[in-house]
1. Which members of region 111-133 meet the condition of being of a type in the set (Gly, Ala, Ser) and under 21 Å from Leu40 (Cα atoms)?
2. Can you name the residue in region 90-122 that is without any contact (Cβ under 8 Å) to a residue 40 or more places away in the chain and touching a Gly at 6+ places or on another chain (Cβ under 8 Å) and is also nearest to Gly54 (Cα to Cα) among such residues?
3. Going through Ser48, Ser44 one at a time, which residue ends up being within 22 Å of Gln133 (Cα to Cα), more than 13 Å from the chain's Cα centre (by Cα) and modelled with pLDDT under 95?
4. Looking only at residues that are in a loop (DSSP other than H, G, I, E, B) and β-branched (Val, Ile, Thr) in region 34-51, which one is surrounded by the most Cβ atoms within 10 Å (Cβ to Cβ)?
5. Taking Gly54 as the residue in question, decide whether it is touching a strand residue (DSSP E or B) at 6+ places or on another chain (Cβ under 8 Å), surrounded by fewer than 11 Cβ atoms within 10 Å (Cβ to Cβ) and in contact (Cβ under 8 Å) with a residue 12 or more places away in the chain.
6. Would you mind finding the one in Arg84, Arg104, Arg77, Arg73 that is of a type in the set (Lys, Arg) and over 21 Å from the mean Cα position of the chain (by Cα)?
7. Which residues, taken from region 1-25, are loosely packed, with under 13 Cβ neighbours inside 10 Å and either touching a Cys at 6+ places or on another chain (Cβ under 8 Å) or of a type outside the set (S, T, N, Q) (or both)?
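The values are calculated or read from the model by the stated rules, or taken from the named source; none is laboratory data. Values in this document were obtained by computation on a predicted structure and should not be read as measured data. Don't worry about glycine lacking a Cβ; one is built from the backbone with ideal geometry, like all the others, and counts go over all protein chains shown.
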Amino acid sequence: MADNPLDDMLCFSLYAASRSVSQAYRAVLAEHDITYPQFLVLVSLHQSGEASVGELGAMMHLDSGTLSPLLQRLESRGYLTRERRPGNERVVVVALTPEGVTLRREVIAAVDCLAAAYGIEPGELGALLATLQRITTNMTELTATRKAVS
């Protein structure tokens, strides 16, 4: 048993790891004046080229009420555009501007310094990601079930 009884709890270890990773990213990203969720938007849009607000929210596990202000801040700084899809005005499509692509490149280079801090061997990464994704899926489903029962 660990000195701290919380250390024996999986939920606490996940929480503590998440907080420490977020703090490390926050420190590196502050140099570029962006937040971790804004960084995730840059990465997501770089991969897909463009995405609707709904698609982006699903990728990031964020609702539109949380995502929209974040996108507005990035748009006001010239890093992305938001446009209504022709033929379906309800859908807002988001894409990086050239300045957003440049920022993403700079930020990716900056966060590379964090990779070694994970302390994970390349062969372990796939299994860890699969486990974390399974936990996320299972907990999301459990939460939805609990909400439906209430």
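1. Of everything in region 111-133, those that are of a type in the set (Gly, Ala, Ser) and under 21 Å from Leu40 (Cα atoms) turn out to be Ala115, Ala116, Ala117, Gly126, Ala130.
2. Out of the qualifying residues, it is Val91.
3. Ser48
4. My answer is Ile34.
5. It is false that Gly54 is touching a strand residue (DSSP E or B) at 6+ places or on another chain (Cβ under 8 Å), surrounded by fewer than 11 Cβ atoms within 10 Å (Cβ to Cβ) and in contact (Cβ under 8 Å) with a residue 12 or more places away in the chain.
6. Checking each option against the conditions leaves just Arg84.
7. Met1, Ala2, Asp3, Pro5, Leu6, Asp7, Asp8, Leu10, Cys11, Tyr15, Ala17, Arg19
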